[in-house]
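Visitor: The structure follows.
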Amino acid sequence: MKPADYWRQSKKWSSYLFKEGVVVQSTFQYVVPSAQEHYAPYSFLVLSVANETIEVMGVPGEKFQAGDRVRLVLRRTAVISTSEPISYGLKAEKI
Amino acid sequence: MMPENKKIHIVGSHITQFGELWDRSLEDLAYEATTQCITDADLQPKGIDAIFVANMTASQFETQAHLGALVSDFLPHHPPSTRVEAACASGGVAIVQACQALLSGLYETVLVVGVEKMTDGSADAATVLSAAAHQSAEYGSTFPGLYALLAQAHMQKYKTPRSALSMIAAKNHGHGISNKKAQFRRAITPEAVEKTMMVSEPLRVLDCSPISDGAAAVILSTTRSKMNNSIQIIGFGQGQDSLQLSKRKSLTSLQSTKDAAQNAYRMANQGPESIDVAEVHDCFSIAELLAMEDLGFCEPGKAAAAVLKEKTSVAKNSVAFPVINHSGGLKACGHPVGATGVKQVAYLYELLSSSTNYSTGLTHNVGGSGATAVVTIVQKVNSTKGTQQ
């Protein structure tokens, strides 16, 4: 992720950090985008958080069900590289 | 309503072979579709007033943009040519743009070309196609993943059985056997679908349409028609919804499809009961199930039962339902994304021209996970009153 993209994106993501919500719908993805292959398989979730509905990845390897209560925490969005900033996004973990 | 004084005739078509076409470039495919379509319409190239070119990925896979100019270059008079991009609905939206241009009176005869070259591109296909989703809000998702969320929601709400999804894939592969242009021309069983690798629960590999190369073209005209069995576009509609799945009102239907269908039915002054055959956007098996309900072929939650009784297959078609995806759909015919919406119209034009079994058809083309949808209704009009070129 380019530094400028990360700077813009992190402002949105940070507003949800540590918020709690409920899983509305989930799927477990085995085939994932190349940038996320090191996390596969992982859940992709629709969450109800703070009167909004958002989409977010789950903790790698863990399956979720509708109704599960979750908290949004930090995750690295890509493999650590020496050539660019280490970027962080959000993931959902069960409470 | 369609204006009383204007009829949109389909006067020519061509569909290239769909598949992994290592020996054909993007330009080769577009050239074949363009030139063969003009030949099919028995037109001189200068009879084309304008061109609409549907494509999504050429900039990324082929580092070729400016496709309007690329296709216009095939015709010696270089008619005005515009590239249309709406993800997998690019073809359908190009048809809509062409129809609107014709109805405005600006042009009398236009060429619509859809083309995509996906199999030997320089970029990662999943990454390129993910550009049709919301890049930041749906980060980490895939298209199978987004449609899997729709499938999970439908299965939970309506107790939709997994076997209905498998039956759709098997039915479309069965239809594809008869289509010489189809990427896959072999039968599969529902049981085989359920043994393939899981992609995103509950969708497996054989629930998914393939990566494909291919092109299709149609010529539309308000002043020319074939003397007998004129095939006309009698209605069209485009619907939009949130790009983000999570911002939609429902995960068990596509509002964009409902809106597009309502507009198309209203323009055609016809309803879903008049449709004999439909080419619907089965990018994933669940998408065909949703389309059946959103297009009004059955009530919400009732499509699975009809599918399991094979009411939409050519072999066991019921009067209450249209034949769905006679061509094999995206699943078996292939899904070169920019070409798909044009191919659907071209295929129905050819089917209605050659068959006495069908007189009214519908195409349904979806972009992304349902942010854009286009529905077009075509009808065979037996008349000798058309204005021959």
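The values are calculated or read from the model by the stated rules, or taken from the named source; none is laboratory data. Not measured: the values here are computed from a predicted model. With ideal geometry, Cβ positions are generated from the backbone for all residues, glycine too; neighbour counts draw on all protein chains shown.
Visitor: Between B:187, B:192, B:169, which is surrounded by fewer than 24 Cβ atoms within 10 Å (Cβ to Cβ), assigned to a helix (DSSP H, G or I) and either more than 14 Å from every other protein chain (Cβ to nearest Cβ) or touching a Cys at 6+ places or on another chain (Cβ under 6 Å) (or both)? Write out each step before concluding.
Guide: On the way: B:187 fails: assigned to a helix (DSSP H, G or I); B:169 fails: surrounded by fewer than 24 Cβ atoms within 10 Å (Cβ to Cβ).
One residue alone meets the criteria, B:192.
Visitor: Scan B:303, B:373 and give me the residue that is more than 21 Å from residue B:266 (Cβ to Cβ) and not charged (D, E, K, R).
Guide: Details: B:373 fails: more than 21 Å from residue B:266 (Cβ to Cβ).
Being more than 21 Å from residue B:266 (Cβ to Cβ) and not charged (D, E, K, R) holds for just one of B:303, B:373, which is B:303.
Visitor: Tally the residues that are outside any helix (DSSP H, G or I) and over 16 Å from the mean Cα position of the chain (by Cα), restricting the search to the stretch B:195-218. I'd like the intermediate steps shown before the answer.
Guide: Residues of the stretch B:195-218 that are outside any helix (DSSP H, G or I), as a first pass: B:195-204, B:208-218.
Those still in the list that are over 16 Å from the mean Cα position of the chain (by Cα) too: B:195-204.
Here the count works out to 10.
Visitor: Could you please find all residues in the stretch A:57-79 being touching an Asp or Glu at 6+ places or on another chain (Cβ under 9 Å), within 10 Å of chain B (Cβ to nearest Cβ) and closer than 18 Å to residue B:245 by Cβ?
Guide: Scanning the stretch A:57-79 gives a single hit, A:58.
Visitor: If a residue has to be at pLDDT 95 or above, part of a helix (DSSP H, G or I) and out of contact with any Asp or Glu (no Cβ under 8 Å at 6 or more places or on another chain) to count, how many in the stretch B:13-67 make the cut?
Guide: Matching residues across the stretch B:13-67 total 17.
Visitor: May I pose another question? Give me the residue from the stretch B:195-220 that is of a type in the set (Asp, Glu) and buried (at least 24 other Cβ atoms within 10 Å of the Cβ) and, out of that set, nearest to the other protein chains (Cβ to nearest Cβ).
Guide: Step one: of the stretch B:195-220, the residues of a type in the set (Asp, Glu) are B:201, B:207, B:213.
Then keep just the ones that are buried (at least 24 other Cβ atoms within 10 Å of the Cβ); that gives B:207, B:213.
Values: B:207: 12, B:213: 21 Å.
By that ranking, first place goes to B:207.
Visitor: While we're looking at this one, here's another question. Given B:176, B:140, which one is within 14 Å of another protein chain (Cβ to nearest Cβ) and either at pLDDT below 95 or under 18 Å from residue B:291 (Cβ atoms) (or both)?
Guide: Working: B:176 fails: within 14 Å of another protein chain (Cβ to nearest Cβ).
None of the other options fit; the residue is B:140.
Visitor: Residue check: is residue B:249 surrounded by fewer than 24 Cβ atoms within 10 Å (Cβ to Cβ), closer than 18 Å to residue B:370 by Cβ and not polar (S, T, N, Q)?
Guide: Judged against the criteria, residue B:249 is a match.
Visitor: When you look at residue B:132, is it surrounded by 21 or more Cβ atoms within 10 Å (Cβ to Cβ) and within 14 Å of another protein chain (Cβ to nearest Cβ), yes or no?
Guide: On the way: surrounded by 21 or more Cβ atoms within 10 Å (Cβ to Cβ): yes; within 14 Å of another protein chain (Cβ to nearest Cβ): yes.
Taking the combined requirement at face value, the residue satisfies it.
Visitor: In the stretch B:69-100, what residues are buried (at least 20 other Cβ atoms within 10 Å of the Cβ) and part of a helix (DSSP H, G or I)?
Guide: Hits for the stretch B:69-100 are B:70, B:71, B:72, B:90, B:91, B:92, B:93, B:94, B:95, B:96, B:98, B:99.
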